[in-house]
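Novice: Below is a structure I'd like to ask you about.
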Amino acid sequence: MSGQTAVQIPLPVKLISGYGSAAQVKARTDACRPFLKWAGGKRQLLPQLLSRIPHEVNGYFEPFIGGGALFFAAFRRFKRAVLSDINPELINAYLAVRDHPQALIRDLRKHRYDEEYYYALRDADRSRAFARWGSVRRAARLIFLNKTCYNGLYRVNSQGYFNVPFGRYVDPVIYDADNIMACSRALKDARIMNGSFDQIAAKARRGDFVYFDPPFAPLSKTASFTSYTKFGFNDQMQIALRDLCRALDNKGVRFMVSNSSASQVFEIYSDFFIERVPAARAINSNGHGRGKIDEVIVRNYR
């Protein structure tokens, strides 16, 4: 298209509720929400995003799945869904939620909110034994760390090791069994893949819809955060994403991109329809730095 998120006494993991009956779980499926916190998560922007999804969608692709807020809010609108990310631990967690939710919940019950315990579990991926951990155990570790680390941040170092410090909370909710079961039902027909955005989204065809929520282009030199994987997401990858959008547009695939309001974004997506939307900073190391800030939504359709 042309033109246009004091040291505490260790507390037990808080379980909101049990599984409930099959009928009760199914009745709650429509209300499922992300089972992970995620930097740049889109729960606050759901009204704007949902209103911009095309009315008729065959396949839905989301190559930067993160917390999956848009998918969990709209999954019933899609005939099929392909959810992916380059982060293997994140994708493993989605697979565990989809395929082994009850085993995952049982494993999550073992974890406790304690600083020494947190660091021991955080550093488990530095050991050779970690390679022998099963998928459910790894997924429970990720969810525990995500809900108890500082600011709910996911960050890794250059070797790919999770390195976020312990977070200090009062009675933190580590997991919600009902919600995990609901997410499992929402994911039951989804294809979940580990891979880069260009490998996955390139499979989309006419009639499909792709939603991209990449690491944002920085608004300043000190505002850049792209360490969701050891590979990062630099300016060249922002350009590569734009080039993929052009290729999808040429194939008749509709796409929507969320990004920051950095001038670079307006420049590289100048061939497409760009809108500013107000959003809140969900995760910032300085509490005074959290507040309203513009994001943009880019589309190749009206």
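Since every read-out is calculated from the coordinates, none of them should be taken as a lab result. This is a predicted model, so every value here is computed, not measured. Ideal geometry is used to build each Cβ from the backbone, glycine not excepted, and the neighbour counts take in all protein chains shown.
Novice: Answer rounded, prolate or oblate for the range 83-179, using the Cα gyration tensor with square roots of eigenvalues a ≥ b ≥ c: rounded when a/c is under 1.5, else prolate when a/b is larger than b/c, else oblate.
Specialist: Rounded.
Novice: Okay, next question. Can you sort SER260, SER84 by how many other beta carbons sit within 10 Å, fewest first?
Specialist: With the fewest neighbours first, SER260, SER84 line up as SER260, SER84.
Novice: Let me ask you something else. Rounded to the nearest 0.05, what FRET efficiency do TYR119 and ASP171 give with R0 = 25 Å and r taken as the Cβ-Cβ distance? Could you check? Kindly include the intermediate steps, with their values, before the conclusion.
Specialist: On the way: r = 20 Å, r/R0 = 0.81.
According to the calculation, E is roughly 0.80.
Novice: How many percent of all Cα-Cα pairs in the range 135-205 sit more than 20 Å apart?
Specialist: Values: 1264 of 2485 pairs.
Cα-Cα pairs of the range 135-205 separated by over 20 Å account for 51 percent.
Novice: Ok, one more. Under 5 Å between amide hydrogens, which residues at least 5 positions from VAL296 or on another chain qualify, with H placed 1.01 Å from N in the peptide plane?
Specialist: Correct list: ASN259, SER260, SER261, VAL277.
Novice: Can you sort TRP133, TRP38 so the residue with the fewest Cβ neighbours within 10 Å comes first?
Specialist: Ordered from fewest to most neighbouring Cβ atoms within 10 Å, TRP133, TRP38 come out as TRP133, TRP38.
Novice: Now for a different question. So which of LYS42/LYS147; LYS42/LYS292; LYS188/LYS251; LYS79/LYS292; LYS42/LYS188 end up more than 24 Å apart by C-alpha?
Specialist: LYS188/LYS251; LYS79/LYS292
Novice: Would you kindly state how much longer the chain becomes between GLN159 and ASP99 on full extension, computed as 0.36 nm times their sequence separation minus their alpha carbon distance, in nm to one decimal?
Specialist: Numbers: separation 60, 0.36 × 60 = 21.60 nm, distance 2.89 nm.
This chain segment gains 18.7 nm when fully extended.
Novice: Return the FRET efficiency for the residue pair ALA247, PHE130: r is the Cβ-Cβ distance, R0 is 41 Å, and the value is rounded to the nearest 0.05.
Specialist: E between ALA247 and PHE130, to the nearest 0.05, is 0.60.
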